[in-house]
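S.K.: Take this structure, written in structure tokens, and hold onto it; I'll ask about it next.
The values are calculated or read from the model by the stated rules, or taken from the named source; none is laboratory data. Predicted, not measured: the structure shown is a model, and the values here were computed from it. Neighbour counts are summed over all protein chains in view; Cβ atoms, including those assigned to glycine, are modelled from backbone coordinates with ideal geometry. Only protein heavy atoms, including side chains, enter the accessible area calculation; ligands, DNA and RNA are left aside. Shrake-Rupley method; radii C 1.70, N 1.55, O 1.52, S 1.80 Å.
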Amino acid sequence: MSQNAAEYTNHVCPVCRAEHPRILGEGTLAECRQCEFVYARKIPDLDVLKQRQAAHPRNHCGDFHSQRRLARRFKYWAFSKVIQCCCRKQPVIHTLQLGCNEGLFLEAVEQNRRFRSTGLDWREKPVEYALTHGYDAHLTDLKTLDYPDDSFDFVFGLRAPVLLHNPEQLMLELVRILKPGGFLFTVMPGGSRQRPPESDPQQLWAFTPKTLSRFAERFELRTLRTLSFFRRGEVGLLARKGEAVDVASIPRWMGPEFGNPTSSRAA
Ligand SMILES: [Zn+2]
């Protein structure tokens, strides 16, 4: 599936499709009156998002230094145990990591024969680093995920996907490539009282555990657990795909191909 990367406007709430949100701050953000999801109405095109992210020092688009610190290695080792616990019935576990960076998770499971693990990242230097160490890493901006349907047992991104141009498109792709009964662990941008979304003019989405769980339901993902990372202003979700999901029948209403419903009705 290809993703349209052009700029677009959210005319309805991405979570519940309600119209007429409350306008926040300077007017760039909206809060749904039905489900309380906070979202930007105007979404820039993907290249603009990439330029913004590349300017962020955390993204290593300039000089790249490996982050192989013990704490991070432990985190990935511990996470591999969570995956094995979820997928305890599978003899072989196919995983996909969104934002694999230099391949620390791939390294953590390298010696474990149950894992077949792939990583994706949009930053060249960390991917180059992972490839030189022999890991299965690929450069992509998440516009398309070139995998057949039902490919993975466990898909995860341990940080907010930075290029979240269209969360609906991303979720549709993730559900498509997950096997029936497969698991998704994702971290999405949130907000906190100390750092409300309207204080950051670049923030496009602000999930809460409740709205993220409700958003996942749209894609027939059943929430097993939600987590709040208040200090980082992020929300985590562990969810499971149903056994018989028809991705083509999931309604979609986000992206440049959807015009203003009110004005098209008037016309
Ligand atoms: Zn809503």
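S.K.: If I ask for residues that are charged (D, E, K, R), open to solvent by less than 80 Å² (accessible area, probe 1.4 Å) and either more than 15 Å from L46 (Cβ to Cβ) or without any contact (Cβ under 8 Å) to a residue 60 or more places away in the chain (or both), which ones from the stretch 131-147 would you list?
M.R.: Matches in the stretch 131-147: D136 only.
S.K.: Let me ask you something else. Among the residues of the stretch 205-222, are any part of a strand (DSSP E or B), open to solvent by 20 Å² or more (accessible area, probe 1.4 Å) and more than 22 Å from E7 (Cα to Cα)?
M.R.: Within the stretch 205-222 (the criterion being part of a strand (DSSP E or B), open to solvent by 20 Å² or more (accessible area, probe 1.4 Å) and more than 22 Å from E7 (Cα to Cα)), the answer is yes, since at least one residue qualifies.
S.K.: Checking the condition farther than 22 Å from L238 by Cα and among the acidic types (D, E), which residue from D149, D136, D121, D153 passes?
M.R.: Only one candidate passes the filter, namely D136.
S.K.: Ok, one more. Restricting to the stretch 167-204, name every residue that is assigned to a loop (DSSP other than H, G, I, E, B) and in contact with a helix residue (DSSP H, G or I) (Cβ under 9 Å, 6 or more places away or on another chain).
M.R.: Hits for the stretch 167-204 are G190, G191, Q202, Q203, L204.
S.K.: Could you say whether any residue in the stretch 226-242 is more than 14 Å from the chain's Cα centre (by Cα), open to solvent by 10 Å² or more (accessible area, probe 1.4 Å), over 21 Å from W122 (Cβ atoms) and aliphatic (A, V, I, L, M)?
M.R.: Among the residues of the stretch 226-242, at least one is more than 14 Å from the chain's Cα centre (by Cα), open to solvent by 10 Å² or more (accessible area, probe 1.4 Å), over 21 Å from W122 (Cβ atoms) and aliphatic (A, V, I, L, M), which makes the answer yes.
S.K.: Still on this model: Which one is surrounded by the most Cβ atoms within 10 Å (Cβ to Cβ) among residues in the stretch 73-91 that are of a type outside the set (S, T, N, Q) and outside any helix (DSSP H, G or I)?
M.R.: Ranking the qualifying residues of the stretch 73-91, first place goes to C87.
S.K.: Could you tell me how many of the residues in the stretch 2-24 are open to solvent by 40 Å² or more (accessible area, probe 1.4 Å), in contact with a Ser or Thr (Cβ under 8 Å, 6 or more places away or on another chain) and within 16 Å of the ligand (Cβ to nearest atom)?
M.R.: Residues that pass the stated criteria total 2.
S.K.: Sticking with this structure for a sec: Sort out which residues of the stretch 25-43 are of a type outside the set (V, I, T), closer than 20 Å to S199 by Cα and either open to solvent by less than 20 Å² (accessible area, probe 1.4 Å) or touching a His at 6+ places or on another chain (Cβ under 6 Å) (or both), and write them in order of number.
M.R.: Across the stretch 25-43, the qualifying residues are L29, A30, C32, F37, Y39, A40.
S.K.: Here is a follow-up. Would you confirm, using the coordinates I've provided, whether V245 is over 23 Å from A30 (Cα atoms) and part of a loop (DSSP other than H, G, I, E, B)?
M.R.: Numbers: over 23 Å from A30 (Cα atoms): yes; part of a loop (DSSP other than H, G, I, E, B): yes.
Yes: the conditions hold for V245.
S.K.: Moving on. Identify the residue in the stretch 243-262 that is open to solvent by less than 50 Å² (accessible area, probe 1.4 Å) and touching a helix residue (DSSP H, G or I) at 6+ places or on another chain (Cβ under 9 Å) and, among all such residues, is nearest to A5 (Cα to Cα).
M.R.: Among those that are open to solvent by less than 50 Å² (accessible area, probe 1.4 Å) and touching a helix residue (DSSP H, G or I) at 6+ places or on another chain (Cβ under 9 Å), it is G255.
S.K.: If R195 passes every condition in (1) modelled with pLDDT under 95; (2) more than 22 Å from C87 (Cα to Cα); (3) crowded, with 21+ Cβ neighbours inside 10 Å but one, which one does it miss?
M.R.: Tallying (1) modelled with pLDDT under 95; (2) more than 22 Å from C87 (Cα to Cα); (3) crowded, with 21+ Cβ neighbours inside 10 Å, R195 fails exactly one: (3).
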